[in-house]
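One structure is given here, and the rest of the page talks about it.
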Amino acid sequence: MYNKLAPSITTYQMGHLITAPPLPLTANAPLLFRSSCKIDNFGLLSPPTRSLLSCYKPSSFGDEKKTRLWRSRVSFFPFFSTKVEDCESIKQELVESIAPLDRGAEATSEQQERIDQIARKLEALNKVKKPLKSDLLNGKWELLYTTSQSILQTKRPKILRANGKIYQAINADTLRAQNMETWPFFNQATANLVLLNAKRVAVKFDAFKVFGLIPIRARGSGRGQLEITYLDEELRISRGNEGNLFILRMVDPNYRVPL
């Protein structure tokens, strides 16, 4: 899907984009931050026809082995095609459901529950079993939806929230991550990742930039965990160690996180 920092800045955590002024940094919710030829009415056929069919040999169209292989192909490909179509239709349903919700800020509890259920359907079809070893993970992702209140800040006036796009970049090969906020604060945070398994990382932020310009060292704060539960070329679903859900889409696969 932190120790207190000086007021009037916005900072991030993996799974959290934290905006201020003023805002404590906590480690509670990391971010971010797809048998043939059967005759059903055989009993209705006339006796001569039944006799003819009972004497039929597969060799009429090739040997029996080839016939079995052909039948297996007929049954396999429709199943595979259906699974792909199911994955794409679930992705479309998920994206359409979150589109009007202002990254989750406008979501009711019922809508949150429905989106979580759709996300779980997609997670069950995840083909990338080791996302932290996949090149599909590398690049810049845009946050489409989250349940993290540290990011949404729904109790604040909208003018004091991050109203522009929010991004997270990950480079699995260098184990680096970066959270980037746009209008109106333009704050950034970078972090080191520690592999816990093929899906989960621990996160330790090491630097922040206020308004994208003023650097601040992290002083060892900003820790959390992030699990990647679905990944393909277009979409990523992640969950934080406190259960927050994050849905992101790929915008730049060539982006590299600063070392």
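The values are calculated or read from the model by the stated rules, or taken from the named source; none is laboratory data. Because the structure is a prediction, the values reported are computed rather than measured. Positions of Cβ are backbone-derived with ideal geometry, glycine not excepted, and every protein chain shown enters the neighbour counts.
Brief remarks on what is shown
- Of everything in the range 103-136 that is assigned to a helix (DSSP H, G or I) and either at pLDDT below 95 or basic (K, R) (or both), the residue that is nearest to F246 (Cα to Cα) is R103.
- Selection status of K155, charged (D, E, K, R) and part of a loop (DSSP other than H, G, I, E, B): yes
- Meets criteria (under 15 Å from the mean Cα position of the chain (by Cα) and either over 21 Å from Q92 (Cβ atoms) or in a strand (DSSP E or B) (or both)) for Y230: yes
- Restricting attention to the range 132-148, the residues being within 20 Å of A202 (Cβ to Cβ) and crowded, with 18+ Cβ neighbours inside 10 Å number 6.
This table checks each residue for (1) modelled with pLDDT under 95; (2) of a type in the set (D, E, K, R); (3) out of contact with any helix residue (DSSP H, G or I) (no Cβ under 7 Å at 6 or more places or on another chain); (4) under 14 Å from R176 (Cα atoms).
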residue: Q188; (1), (2), (3), (4): yes, no, yes, yes
residue: R200; (1), (2), (3), (4): no, yes, yes, yes
residue: I216; (1), (2), (3), (4): yes, no, yes, no
residue: R219; (1), (2), (3), (4): yes, yes, yes, no
residue: E227; (1), (2), (3), (4): no, yes, yes, no
residue: L235; (1), (2), (3), (4): no, no, no, no
residue: N241; (1), (2), (3), (4): yes, no, yes, no
residue: N244; (1), (2), (3), (4): no, no, yes, no
residue: Y255; (1), (2), (3), (4): no, no, yes, yes
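- Taking (1) among the small types (G, A, S); (2) part of a strand (DSSP E or B); (3) within 30 Å of I118 (Cα to Cα) in turn, A198 satisfies each apart from (2).
- Residue count, the range 156-172 (criterion: surrounded by fewer than 22 Cβ atoms within 10 Å (Cβ to Cβ) and either of a type in the set (A, V, I, L, M, F, W, C) or at pLDDT 95 or above (or both)): 5
- Some residue of the range 158-181 being of a type in the set (D, E, K, R), in a helix (DSSP H, G or I), within 26 Å of K91 (Cβ to Cβ) and out of contact with any strand residue (DSSP E or B) (no Cβ under 6 Å at 6 or more places or on another chain): no
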